[in-house]
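*Asks:* Take a look at this one; I'll ask things after.
Laboratory data are not the source of any read-out in this text; all were calculated from the coordinates shown. This is a predicted model, so every value here is computed, not measured. We place every Cβ from the backbone using ideal geometry, glycine too, and count neighbours over all the protein chains shown.
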């Protein structure tokens, strides 16, 4: 747990905005996906990599990144991550040849990983322990807020000026946040750890997933992230163009509202892993109702509510189950790794399922994922109780 007595609200909010820049690395592609298909007509099925390739390095390095970030310094890593993100967005704004575009997305994964490992650890450590449920729930909303903002402002911008203008604005936002954080975050905000040797890093990587404390949030995230990004990307195909565009904007907003209200209320009264399981159970029921009603709007909003519970509970589990910045950094690294694995696989897999089996096959897959997630969390809770 953090030793901080008072929560530094300004710093928390500033770091959270940096998180929006990381989430926007997915949102900017999702809202411009159809236009990219027109710009790169020969891409075919590989166009899905434009969404998911950013996750590749996170899959390879996520848990190790927690060790590296703790050794390099959280402030430095966060600023470097935003700077790399800015450079890659500026490259993408030129709409280069498709292989170059995909390469920039691969390298953008370094930026995304740096931000999502360093930022939540910093937030937890500049906040009083009593505020951890609230601030970590706020952090958990960064993807939903980014998707809502890009659905509201990004879609019309892309319609009017094309994807390049949106990517340019994202790059400028990353540069601005890097500069602001250098001013707001003092050096040594969180103590650095010694950088371990390669063999020690590999041993720690194994130890992270052998521990039901450092791995639980990550293994929950593995079953959440493929559903969130994939569903928001494929909504026009699942719910129809008109309803799909409406839901892309409003589902993240409903998710945020649920996370900040019902989610915080529940996290103050229940252990985070219980809230996580309630979220998965409710999400499964909501998807079943979407299926039964023929993709009606109401059940989609129900799914968004339970997404909100999962988001807040997943991040709240990290400081609740892990003491100190070092352990939290390892848990956040694992969470980033599993989240990136889900993001990497989610859109391509569900796009294939949709093409091969239609919407019903997608809904069956979603329900199965949520059910497996619940069983896994029950097992992990029993292991922690030993």
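*Asks:* Taking other Cβ within 10 Å of each residue's Cβ, how do 345, 141 sort, fewest first? Intermediate values should be presented prior to the final figure.
*Replies:* Numbers: 345 17, 141 27.
Arranged by neighbour count, lowest to highest, 345, 141 become 345, 141.
*Asks:* Using a Förster distance of 41 Å, how high is the FRET efficiency between residue 297 and residue 197, based on the Cβ-Cβ distance and rounded to 0.05? Working shown, then result.
*Replies:* Details: r = 54 Å, r/R0 = 1.32.
The pair residue 297/residue 197 has a calculated efficiency of 0.15.
*Asks:* Could you give me the radius of gyration and the Dmax of the chain, taking only the C-alpha atoms into account and expressing both in angstrom?
*Replies:* Gyration radius and largest Cα-Cα distance of the chain: 19.4, 58 Å.
*Asks:* Between 235, 219, 352, where does the largest GNM mean-square fluctuation fall for the chain, given springs only between Cα atoms within less than 10 Å?
*Replies:* 352
*Asks:* Compare the peptides 11-21, 220-230 by average per-residue count of other Cβ atoms within 10 angstrom and give them in order, highest first. If you can, show how the numbers build up before the last one.
*Replies:* Values: 11-21: 21.2, 220-230: 25.5.
Top of the packing list down: 220-230, 11-21.
*Asks:* So, one more: Under a point spin-label approximation (7 Å from Cα along Cα-to-Cβ), what is the residue 384-residue 130 distance to one decimal in nm?
*Replies:* About 2.3 nm separates the two model spin labels.
*Asks:* Would you please put 258-265, 336-343, 155-162 in order of how densely packed they are, using the mean number of other Cβ atoms within 10 angstrom per residue and starting with the highest?
*Replies:* Working: 258-265: 19.9, 336-343: 27.0, 155-162: 14.2.
Put in order of decreasing packing, that is 336-343, 258-265, 155-162.
*Asks:* Fewest first, what order do 137, 293 take by the number of other Cβ atoms within 10 Å?
*Replies:* Working: 137 27, 293 12.
Ranked by crowding around the Cβ, least crowded first: 293, 137.
*Asks:* Order these peptides, 126-135, 246-255, by their mean beta-carbon neighbour count within 10 angstrom, highest first. All intermediate terms of the calculation are to be shown ahead of the outcome.
*Replies:* Details: 126-135: 19.4, 246-255: 22.4.
In decreasing order of mean packing, 126-135, 246-255 become 246-255, 126-135.
*Asks:* Assuming R0 = 35 Å, what is the FRET efficiency of residue 179 and residue 38, from their Cβ-Cβ distance, to the nearest 0.05?
*Replies:* Numbers: r = 35 Å, r/R0 = 1.00.
Given R0 = 35 Å and the Cβ-Cβ separation, E is 0.50.
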